[in-house]
């Protein structure tokens, strides 16, 4: 290119480039100002099957230990034993170490009632490893016993419905 | 100030008996400190915040917006953080040179504030060699940068320092040659004299005086950017090649001082450009109140110079860094010859063109400037509309 062509080209291209950047200057930024300046919580925008921090609905936990066996890194520890007097299955311990959990979802698939499931909560930062160990059983509880017909207890029915819906969603995904 | 010193040292003054020169020096130091702490530091700080905001918006980000309203106090937080940090001097470094280098850089830029005219009466010293003084003291920055590069005893630092020296020395020439047309037109080197030769209206500015001063303006601005180590000429601190160039080994307050000088220099560039080409503090005569007039002049000058600070930020966000050979080619093959042509042509212009034609040319140049701005905004509108057509969900994304 010639000397003056060079000058002309550089002036014209810089002018055009400056107009492009200025048009960006007056546009709205893309940035999502997480976590405190979002119009809706991010957790609420996530899909139903999002694999966040694990949670257990003790009301419908049968104490079958399927999740403990499925866990590839043994982050779930359950103590369940039969009460010698009442012959009922008692849950004395249900711990999940969130620090170990790798969110694979293998525990929630074999669960017969959908008791153990992922939530959409993902903000797990904490100050100590000890507090990452979630202890779900505070006092020993009686394990849930599946009924022949539909659930009649009005307190447990909605929780069970939700759990079954969660499992149903897994099954639907597998069929596709 | 002479009156104040005479009053202090004279009969009945609070400092009676002290030698006149000593008191004068103390008063000057005091004024200098006040100017630095009340004006220079906040200007450099606010420039750093503004630069980060402007840059962020051009990159479709938000930028610092948490400290104070819209993040306005971010510069204070950064300054305090850096002051509290450990000041590390490497074992292999030349301690003495390493320690004083940042101060030389800062002195080189703070000293320019002595002659910057913020208003008809708002100037520390209206030297009769004002613009020459500025080109001279900004030369001190090279010494500091080279000293920092050498004393760090680090290859990156040394390369950065040498690049900076080569760059500043080269670009002093087109910058100086672009000042000369203005000096020819006004017949003075004094900053106030140059401003008084212009008027408040754009067609009285030297920017639109003739095609040659128009070109001289752009050459001066580009050369000033190169002297201030700004993108696209930030080779001395090119992150991708030299870590941080001459300030690689610096930390804490000394590191901050380099950046104070860089951001403060940005304002100085704007102020010099405003003085030389954009009519400085000139305002239409709207009031006889001297205080109000001084405030008006200060605001005019400040806004004009900050506009060029904004342009420098905008250029930084637009253009990529040039190579070393491109840097030197641009200077020696393009800017120096054109600046020389400008100088000679302005001299011929002054002798050949009669006064009536002069005025016509000024008006025509102003119209051309307005035309360029209108064309520019039509291009901006074009790009905005194209962006809207291309990605439709851009404007109503669910989460913003």
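Miscellaneous remarks
- Selection status of residue B:336, under 23 Å from the mean Cα position of the chain (by Cα), part of a helix (DSSP H, G or I), more than 12 Å from chain A (Cβ to nearest Cβ) and modelled with pLDDT of 90 or more: yes
- Within segment B:27-41, considering residues that are under 24 Å from residue B:313 (Cα atoms) and touching a residue at least 12 places away in the same chain (Cβ under 8 Å), the one surrounded by the most Cβ atoms within 10 Å (Cβ to Cβ): B:40
- Per-region count, segment A:96-137, residues assigned to a loop (DSSP other than H, G, I, E, B) and touching a residue at least 24 places away in the same chain (Cβ under 8 Å): 27
- Selection status of residue B:125, more than 14 Å from every other protein chain (Cβ to nearest Cβ) and without any contact (Cβ under 8 Å) to a residue 40 or more places away in the chain: yes
- Test result for residue B:64, under 24 Å from residue B:247 (Cα atoms), within 14 Å of another protein chain (Cβ to nearest Cβ) and not in a helix (DSSP H, G or I): yes
- Boolean, residue B:299 is assigned to a helix (DSSP H, G or I) and modelled with pLDDT of 85 or more: yes
- Any hit, segment B:219-238, residues being assigned to a helix (DSSP H, G or I) and farther than 26 Å from residue A:15 by Cβ: yes
- Unmet criterion (only one of (1) surrounded by 12 or more Cβ atoms within 10 Å (Cβ to Cβ); (2) within 24 Å of the chain's Cα centre (by Cα); (3) more than 24 Å from residue A:49 (Cα to Cα)) for residue A:134: (3)
This table checks each residue for (1) within 19 Å of the chain's Cα centre (by Cα); (2) without any contact (Cβ under 8 Å) to a residue 24 or more places away in the chain.
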position	(1), (2)
B:25	no, yes
B:47	yes, no
B:54	yes, no
B:58	no, no
B:64	no, yes
B:68	no, yes
B:77	no, yes
B:82	no, no
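- Unmet requirement for residue B:342, which otherwise passes all of (1) within 14 Å of another protein chain (Cβ to nearest Cβ); (2) within 17 Å of residue B:217 (Cα to Cα); (3) in contact with a helix residue (DSSP H, G or I) (Cβ under 7 Å, 6 or more places away or on another chain); (4) surrounded by fewer than 16 Cβ atoms within 10 Å (Cβ to Cβ): (4)
- Contacts under 9 angstrom Cβ, first residue in segment A:5-26 being more than 7 Å from every other protein chain (Cβ to nearest Cβ) and farther than 13 Å from residue B:381 by Cα, partner at pLDDT below 85 and buried (at least 18 other Cβ atoms within 10 Å of the Cβ), 6 or more apart: none
- Subset of segment B:276-289 [over 21 Å from residue B:218 (Cβ atoms) and touching a residue at least 60 places away in the same chain (Cβ under 8 Å)]: B:281, B:282, B:283, B:284
- When we screen B:277, B:310 for residues that are touching a helix residue (DSSP H, G or I) at 6+ places or on another chain (Cβ under 8 Å) and away from chain A (no Cβ under 14 Å), the only hit is B:277.
- For segment B:188-199, the tally of residues that are assigned to a loop (DSSP other than H, G, I, E, B) and touching a helix residue (DSSP H, G or I) at 6+ places or on another chain (Cβ under 8 Å) stands at 5.
- Search result, residues across segment A:28-56 that are more than 25 Å from residue A:67 (Cα to Cα) and more than 10 Å from chain B (Cβ to nearest Cβ): A:35, A:41, A:44
- Residue under evaluation residue A:67, criteria (1) surrounded by fewer than 18 Cβ atoms within 10 Å (Cβ to Cβ); (2) under 17 Å from the mean Cα position of the chain (by Cα), criterion not met: (1)
- In segment B:171-180 there is no residue that is surrounded by 21 or more Cβ atoms within 10 Å (Cβ to Cβ) and at pLDDT below 85.
- Candidates B:291, B:273, B:283, B:341: the one that is more than 30 Å from residue B:233 (Cβ to Cβ) and either in a helix (DSSP H, G or I) or in contact with a strand residue (DSSP E or B) (Cβ under 8 Å, 6 or more places away or on another chain) (or both) is B:291.
- Residue in segment A:36-51 that is without any contact (Cβ under 8 Å) to a residue 24 or more places away in the chain, touching a strand residue (DSSP E or B) at 6+ places or on another chain (Cβ under 8 Å) and surrounded by fewer than 16 Cβ atoms within 10 Å (Cβ to Cβ) present: no
- Residue within segment B:365-380 that is under 23 Å from the mean Cα position of the chain (by Cα) and modelled with pLDDT of 85 or more present: yes
- Residues of segment A:51-77 that are within 17 Å of residue A:109 (Cα to Cα), touching a helix residue (DSSP H, G or I) at 6+ places or on another chain (Cβ under 6 Å) and outside any loop (DSSP other than H, G, I, E, B): A:60, A:76.
- Considering each residue of segment B:94-101 in turn, at least one proves to be modelled with pLDDT under 85 and either part of a loop (DSSP other than H, G, I, E, B) or within 14 Å of another protein chain (Cβ to nearest Cβ) (or both).
The values are calculated or read from the model by the stated rules, or taken from the named source; none is laboratory data. Keep in mind the model is a prediction, meaning the values are calculated, not measured. Ideal geometry is used to build each Cβ from the backbone, glycine not excepted, and the neighbour counts take in all protein chains shown.
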